[in-house]
1. Examine region 109-121 for a residue that is farther than 23 Å from Phe60 by Cβ and among the polar types (S, T, N, Q), and state whether such a residue exists.
2. Restricting attention to region 142-152, does a residue exist that is within 30 Å of Leu240 (Cα to Cα) and open to solvent by 50 Å² or more (accessible area, probe 1.4 Å)?
3. Within region 173-180, is there a residue that is of a type in the set (Asp, Glu) and either in contact with a Leu (Cβ under 6 Å, 6 or more places away or on another chain) or in a helix (DSSP H, G or I) (or both)?
4. Just for helices (runs of 4 or more DSSP H) wholly inside region 1-110: which have at least 1 residues that are open to solvent by less than 20 Å² (accessible area, probe 1.4 Å), over 24 Å from Tyr283 (Cα atoms) and in contact (Cβ under 8 Å) with a residue 24 or more places away in the chain?
5. Going residue by residue through region 216-223, is there one that turns out to be within 17 Å of the chain's Cα centre (by Cα) and open to solvent by 50 Å² or more (accessible area, probe 1.4 Å)?
6. Looking at Arg230, is it crowded, with 18+ Cβ neighbours inside 10 Å and at pLDDT below 85?
7. Have a look at Ser274, Ser190 and point out the one that is closer than 29 Å to Trp34 by Cβ, open to solvent by 40 Å² or more (accessible area, probe 1.4 Å), in a helix (DSSP H, G or I) and hydroxyl-bearing (Ser, Thr, Tyr).
8. I need a count of the residues in region 198-214 that are at pLDDT 90 or above, surrounded by 15 or more Cβ atoms within 10 Å (Cβ to Cβ) and within 18 Å of Gly39 (Cβ to Cβ).
Amino acid sequence: MFSPLVRQRLLLAALLWFGSTGLLWTPILSPLDWLTLPGYYAISALLLDLAARFRARDVFALLTLAGIYGLLAAVFIHPATALIDMPRTLFTRALGAHALVGLIALVTFLRGRNSLFYLGGALLVGVAAGVWARWSPVELWGTAEPTPLITALSTFAVGVVVYLALSALAQQPDPPTDYRLSPLGWLIISVIGAALILFHAAQGRIDGVAAITSLVLVGFSTAILWFQKRVKGAMLLDRLPAQRLPGGLLPAVAFFVGVMTGCLLPRTDPDGISILVSLFAAYGVIWLPAVSIVLGWRSFARQARALKL
């Protein structure tokens, strides 16, 4: 029904959607917001293209791809919440929260065999997601009561089921050999992007300065990927597992156990929401300068070796 490449894009798109909508418990401001779902597929296809085109191969490229996702999600899908208060939310939500869940989605997408570290990470992410789902509406959006337990648990259960179903669909003995977009593919994601911009502009949700600033940072991040490109050698997409199930069941269970734990945790001082907000802000401020410094030093070292300085 779907080509192997489309299946991989759908799986990554679902993980990105679940990250920005479920893990971050982003409010759906209008039923029309469901029309933005194609944006996740478009960003998924773009990320896979960039990963293949620039042969992304290490954690710094992964951080950069996740940052590109956070910025694109802020502009094209969640401008009303991610770019609402510039420049604060640019760092805390676009470069912070959305980029961090983008990193989690990419790691989940690329994962190979299970390990205690990976399972522990799934459990920890679940705990954080449970705490955030329960209490962030009170702290951030002014609701009178925390999210009902049944609402939080059922939402995450649906997300896990969708992930497992798409993981089964994405299983294939021969993964795609080329993840780059065709000219028609570029045209389609451009049309989707333009439609999303018009959709948000019609509702007065997007600010021109915020959008341009975010897209400039996307261009800068893409340049980082270009500078670290190598003609040969292994890349991240070479690690995609051909069989995701039943191996994916265990981390999914660990994640949901973490969600239940997080939802049941009492509020403390300092509470989990304050800790997570600080984590998002710190991540948003640090990752781009850190990646730039590391890759800049690598480039200088290569030039120094070539010139025998």
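The values are calculated or read from the model by the stated rules, or taken from the named source; none is laboratory data. The model shown is predicted, which means the values in this text are computed figures rather than measured ones. Reconstructed Cβ throughout: ideal geometry from the backbone, glycine too, with neighbour counts over all protein chains shown. For the accessible areas, the whole protein counts, side chains as well, though only heavy atoms, and no ligand, DNA or RNA atoms are used. Shrake-Rupley method; radii C 1.70, N 1.55, O 1.52, S 1.80 Å.
1. yes
2. Taking every residue of region 142-152 in turn, none turns out to be within 30 Å of Leu240 (Cα to Cα) and open to solvent by 50 Å² or more (accessible area, probe 1.4 Å).
3. Checking region 173-180: not a single residue is of a type in the set (Asp, Glu) and either in contact with a Leu (Cβ under 6 Å, 6 or more places away or on another chain) or in a helix (DSSP H, G or I) (or both).
4. In region 1-110, the matching helices (runs of 4 or more DSSP H) lie at 4-17, 37-53.
5. Checked against the condition, which is being within 17 Å of the chain's Cα centre (by Cα) and open to solvent by 50 Å² or more (accessible area, probe 1.4 Å), region 216-223 yields no hits at all.
6. no
7. Only one candidate passes the filter, namely Ser190.
8. Qualifying residue count for the region: 3.
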